[in-house]
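A.B. asks: The structure that follows is given in the form of structure tokens.
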Amino acid sequence: MIFAMTVPEGDLAAVQAAIAAAHPASDSLTINGETYTWQNFESLVDQVEVQSPGAPEIPALGVPGLVLLALLLVGAGALLMRSRPS
């Protein structure tokens, strides 16, 4: 299992230590508020990096983003239908 994410600079050492101490066969870790649970892995790979200062986090699309996307698609469809000759 590969852990490839960014963490705040102050959390890096603790996250790397937790990955090193975790058991590949069956264990769990919480990183950045997300809990990862696994079974039957042969190794754990630490590719965790420090989050760049000032780098914006990219939020998940979530419900508001999906609603906005749906509205944009409906609006684009309406414009295309209006511009088509009958």
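A.B. asks: Report, by residue number, each residue of the range 9-27 that is part of a helix (DSSP H, G or I) and among the aliphatic types (A, V, I, L, M). Give the derivation first.
C.D. replies: Initial filter on the range 9-27 (part of a helix (DSSP H, G or I)): 9-21.
The answer is Leu12, Ala13, Ala14, Val15, Ala17, Ala18, Ile19, Ala20, Ala21.
A.B. asks: When residues of the range 1-44 are filtered for being touching a residue at least 24 places away in the same chain (Cβ under 8 Å) and of a type in the set (Gly, Ala, Ser), how many remain?
C.D. replies: Adding up the residues that qualify gives 3.
A.B. asks: Could you check Ala25 against (1) in contact with a strand residue (DSSP E or B) (Cβ under 6 Å, 6 or more places away or on another chain); (2) hydrophobic (A, V, I, L, M, F, W, C); (3) surrounded by fewer than 11 Cβ atoms within 10 Å (Cβ to Cβ) and say which number it fails?
C.D. replies: (1)
A.B. asks: Can you name the number of the only condition in (1) under 30 Å from Ala21 (Cβ atoms); (2) at pLDDT 90 or above that Ile58 fails?
C.D. replies: In the conditions (1) under 30 Å from Ala21 (Cβ atoms); (2) at pLDDT 90 or above, Ile58 misses (2) alone.
A.B. asks: Moving on. Restricting the search to the range 28-39, which residues are on the phi > 0 side of the Ramachandran plot and either surrounded by 11 or more Cβ atoms within 10 Å (Cβ to Cβ) or assigned to a helix (DSSP H, G or I) (or both)?
C.D. replies: At the first step, the residues of the range 28-39 found to be on the phi > 0 side of the Ramachandran plot are 32-33.
Scanning the range 28-39 gives a single hit, Asn32.
The values are calculated or read from the model by the stated rules, or taken from the named source; none is laboratory data. Please read these numbers as outputs of a predicted model, since none were measured by experiment. For neighbour counting, all protein chains shown are included, and Cβ atoms are generated from backbone atoms with ideal geometry for every residue, glycine included.
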